[in-house]
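Structure first, then comments.
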Amino acid sequence: DDGYRLWLKYDRIADAAARQQYARSAQFIASAGTSPTLQAASGELQRGLSGLLGQAVPVVGTAGSRTGGVVLRVDKQASANGQPLKSEGYRLFSEKNNLVITGRTEVAVLYGAFALLRQVQTRQSLAGVNFSSNPRIDYRLLNHWDNQNGTIERGYAGSSIWQWYQLPEGLAPRYTDYARANASIGINGVVINNVNASARYLTAEYIGKVAALAGVLRPYGQRVYLSVFWAAPKVLGGLPTADPLDPQVKQWWAAKSEELYKAIPDFGGFLVKANSEGEPGPQDYNRNHADGANMLAQSLGRHDGVVMWRAFVYKAGSGDRFKQAYEEFQPLDGKFDPKVLVQVKNGPIDFQAREPFSPLFGAMPKTPLVLEVQLTQEYLGFATHLVYLGPLIKEVLEADTYAKGAGSTVAKVVDGTVDQHALSAIAGVANIGSDRNWTGHPVGQANWYAFGRLAWDHTLSSAAIAQEWTKMTLTTEPAAVRTLTDMLVKSRNIYVRYTTPLGLHHIMGESIHFGPQPWLAKAGRPDWTAVYYHKADSIGLGFDRTATGSNALALYKPEVQKQWGNPQTCPLDYLLWFHHVGWNQRLSTGRTLWNELATRYYTGADSVLWLQKQWAQVRPQLDPALHADVTARLQTQRKEALWWRDACVLYFQTYARQPLPAPLAPPTRTLAEVKDLVNLYQLR
Ligand SMILES: CO[C@H]1[C@H](O)[C@@H](O)[C@H](O)O[C@@H]1C(=O)O
């Protein structure tokens, strides 16, 4: 098995008794629908159930008087627990000895079909099934950072899956399988291209190509969106300006939107990275982000589309980078068009292995905020290190902003319940590429999966999702499931320990963001260096963001400030995000900062040996090729974990000026040696 089927594996259930049990409830699939979406639903059920049960399950038009089958039913009145279902919500229940999958829309029924398959794939009983599910967030989007030439920004799983040169005529079967995978976890929108956008996607030629892709995704409930290049009216329209208040510019965008909707009637809208990392934007004309976003929103006219405007902005020389997005965006709260959402990365800096939640969450009550998380592991070991991101995503969702008192979690800000927003959205930067198994690292699939599941229902636990994915994808053998789930759940903390323990951040290699480079210092762009963030000196380590430092902490509500502002109560996971701590300061673990730091680097790197051992144990239960693949990746991970450990421990030791605590043995290589090794990676 090469991993192509993802978690949509429908291999025959080995246990004959279990198979027979399921077969009694799945003798036929009754679906009168001939629409592409209902055909996708019945087709998926047929494929899945036939595979799992090892016998053909027929699709019939209506159940008639037959019983013992699965009935698909679109019902505009469908409700659950006395509440009308949301348009995408579904319900499964038993009726006259049939299992009914219902929802108000066709796509809801499709989601219900996948839920039924998941029940069987995870070996849960179908007897007396009765459950329902509504999405908590409306727009659940993947953001592809794919470029027109087939490369992917921060992509580690091959090149783009979009074959632009073959579109619109050539529709790769892979697109349909991609759409199925997304639908199975409730993803309902796809931003096709990189936020560092090419204007090319807005040409008539490319709109035709995008429309062809939209045609494949539509039956599976997914709309397409485009990232736009702000200066497109100049580049494509020949206008002298891209000023959002210029009438010709407005007209250009309005015409472009019309053109898009003509080709793609359910076009989702625009994603914009403007005045960020060199991208053009409204500030080039002394306008602000709201001027730009609103103009674009108005260009959509009567069409049902949205604008997602990214808040990922920072500039050299503007003070603590932690505060910059807040300073630029918070004052604009209340100034945005109702069709605009502001898209905020989970943390204030940039997708580090662990960040405190961005202070914008809870600080812009009048603006719907999109939570952006990164599935591609730019700062988390690429597609080499085994890191399950469920716990990272959950950590930010559950973080309490205290915006409207205790319990105002990021999840509730984002799903719109804290401030009663009409729109809600979440975005995951995709980790998908042309590799046979889609994500390079097989466990990368779990990150795509977990994102979708949490986007649908952020109350699910990351461990439950890990277990579900494992059963669907790898094995249902209980002991192996336990071992694998445990590995997944612990993997992110292990990664943090050997790379950036105790709240260290942004000390990775320059530019390609690979490996450790804590010594990196650079004139001109201190905010791209490591020393700017760790601030190691003879006294201690960490970035003072309290009132005696940058005071970024003041951007949070008082309850958060109180907890994080005091080094005694600040969770150790965030300690060096907010405090410059003395090397010999004793921490709550009983160790001094230096001893704790060194211990974490060592135990973290050694935990990779534990991962290897666990993985070795499950070998009999797993596909041999997949097992061998991950075994090799874990070897690389161990090697690189030791680079991180040695580089960071030896480098910080030059400031701490003390030996490693017993029983840690000093690295066998010198700082100069490890520098030579990792600096090589930065060569172009
Ligand atoms: C798309 O560009 C990326 C850039 O490659 C990446 O290093 C940084 O994390 O964030 C940028 C962003 O999110 O805009």
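The values are calculated or read from the model by the stated rules, or taken from the named source; none is laboratory data. Predicted model only: the values in this text are computed from it and were never measured. All Cβ positions, even for glycine, are placed from backbone atoms using ideal geometry, and neighbour counts span all protein chains on display.
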### Query
Got at least one residue in segment 433-446 being assigned by TED's automatic domain parsing to the domain that holds Glu153 and of a type in the set (Lys, Arg)?
yes
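So that you can scan it fast, the table gives a plain yes or no per residue for (1) crowded, with 24+ Cβ neighbours inside 10 Å; (2) within 16 Å of the ligand (Cβ to nearest atom); (3) on the phi > 0 side of the Ramachandran plot; (4) at pLDDT 95 or above:
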position: Glu378; (1), (2), (3), (4): no, yes, no, yes
position: Gly381; (1), (2), (3), (4): yes, yes, yes, yes
position: Ile393; (1), (2), (3), (4): yes, no, no, yes
position: Ala399; (1), (2), (3), (4): no, no, no, yes
position: Tyr402; (1), (2), (3), (4): no, no, yes, yes
position: Thr409; (1), (2), (3), (4): no, no, no, yes
position: Lys412; (1), (2), (3), (4): no, no, no, yes
position: Gly416; (1), (2), (3), (4): no, no, yes, yes
position: Gln420; (1), (2), (3), (4): no, no, yes, yes
### Single condition Trp577 does not satisfy, out of (1) in contact with a Ser or Thr (Cβ under 8 Å, 6 or more places away or on another chain); (2) closer than 25 Å to Val387 by Cβ
(1)
### Query
Out of Gly381, Gly317, Gly347, which single residue is without any contact (Cβ under 8 Å) to a residue 12 or more places away in the chain, part of a loop (DSSP other than H, G, I, E, B) and over 17 Å from Leu141 (Cα atoms)?
Gly317
#### Entry: Which numbered condition Asp320 fails, given (1) acidic (Asp, Glu); (2) more than 16 Å from the ligand (Cβ to nearest atom); (3) under 25 Å from the mean Cα position of the chain (by Cα)
(3)
### Query
Which of the residues belonging to segment 6-37 are farther than 22 Å from Lys96 by Cα, in contact (Cβ under 8 Å) with a residue 40 or more places away in the chain and assigned to a loop (DSSP other than H, G, I, E, B)?
Leu6, Trp7, Leu8, Lys9, Tyr10, Asp11, Arg12, Ile13, Ser35
### Task
Can you work out which of the residues in segment 146-156 that are touching a residue at least 24 places away in the same chain (Cβ under 8 Å) and not polar (S, T, N, Q) is farthest from the ligand (Cβ to nearest atom)?
Tyr156
### Selection from segment 281-293 of residues that are of a type in the set (D, E, K, R) and part of a helix (DSSP H, G or I)
Asp284, Asp291
### Message
Out of everything in segment 350-376 that is closer than 18 Å to Thr500 by Cα and among the aromatic types (Phe, Trp, Tyr), what residue ends up being farthest from the ligand (Cβ to nearest atom)?
### Response
Phe357
#### Entry: Residue list for segment 323-349, filter: more than 15 Å from the ligand (Cβ to nearest atom) and basic (Lys, Arg)
Lys323, Lys335, Lys339
### Query
Condition test on Asn143, is it within 16 Å of the ligand (Cβ to nearest atom), within 29 Å of Arg104 (Cα to Cα) and either in the same structural domain as Thr459 (by TED's automatic domain parsing) or within 15 Å of the chain's Cα centre (by Cα) (or both)?
yes
### Residue check for Ser424: surrounded by fewer than 24 Cβ atoms within 10 Å (Cβ to Cβ) and closer than 22 Å to Phe382 by Cα
no
### Task
Filter segment 511-526 down to residues that are assigned to a loop (DSSP other than H, G, I, E, B) and either more than 16 Å from the ligand (Cβ to nearest atom) or farther than 19 Å from Glu277 by Cβ (or both) and give me whichever is modelled with the lowest pLDDT.
Ala523
### Summary
Residues of segment 187-203 being under 22 Å from Pro280 (Cα atoms) and not in a strand (DSSP E or B), in sequence order, are Ile192, Asn193, Asn194, Val195, Asn196, Ala197, Ser198, Ala199, Arg200, Tyr201, Leu202, Thr203
### Task
Only one of these is of a type in the set (Ser, Thr, Tyr) and within 21 Å of the chain's Cα centre (by Cα): Tyr225, Tyr201. Name it.
Tyr225
### Query
Consider Glu559 against the criteria (1) more than 21 Å from Asn679 (Cβ to Cβ); (2) surrounded by 23 or more Cβ atoms within 10 Å (Cβ to Cβ); (3) out of contact with any helix residue (DSSP H, G or I) (no Cβ under 6 Å at 6 or more places or on another chain): it satisfies all of them except one. Which criterion is unmet?
(2)
### Output for segment 244-280, where each listed residue is hydrophobic (A, V, I, L, M, F, W, C) and outside any helix (DSSP H, G or I)
Leu245, Ile264, Phe267, Phe270, Leu271, Val272, Ala274
### Any chance Arg66 is part of a loop (DSSP other than H, G, I, E, B), among the charged types (D, E, K, R) and closer than 20 Å to Gly33 by Cβ
yes
### Task
Scan segment 193-210 and report the pairs whose first residue is away from the ligand (no atom under 16 Å from the Cβ) and whose second residue is of a type in the set (Ser, Thr, Tyr), with Cβ atoms within less than 8 Å and a gap of 6+ or a chain change.
Arg200/Tyr206; Ile207/Tyr201; Val210/Tyr201
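For (1) outside any helix (DSSP H, G or I); (2) within 30 Å of Tyr175 (Cα to Cα), each residue gets a yes or a no:
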site	(1), (2)
Glu395	no, no
Asp419	yes, no
Ile426	yes, yes
Ala463	no, yes
Asp486	no, no
His505	yes, no
### Task
Return the residue satisfying two criteria in turn: it lies in segment 256-279 and is free of Cβ contacts under 8 Å to residues at least 60 places away in the same chain and within 14 Å of the ligand (Cβ to nearest atom), and of such residues it is nearest to Asp138 (Cα to Cα).
Ala274
### Query
If we scan segment 163-179, do we find a residue that is more than 16 Å from the ligand (Cβ to nearest atom), assigned to a helix (DSSP H, G or I), in the same structural domain as Glu279 (by TED's automatic domain parsing) and touching a strand residue (DSSP E or B) at 6+ places or on another chain (Cβ under 8 Å)?
no
## Note on the structure
Selection from segment 16-35 of residues under 22 Å from Asn182 (Cα atoms) and surrounded by fewer than 16 Cβ atoms within 10 Å (Cβ to Cβ) yields Thr34, Ser35
### Query
Taking segment 219-243 on its own, how many of its residues are assigned to a loop (DSSP other than H, G, I, E, B) and either out of contact with any strand residue (DSSP E or B) (no Cβ under 8 Å at 6 or more places or on another chain) or β-branched (Val, Ile, Thr) (or both)?
11
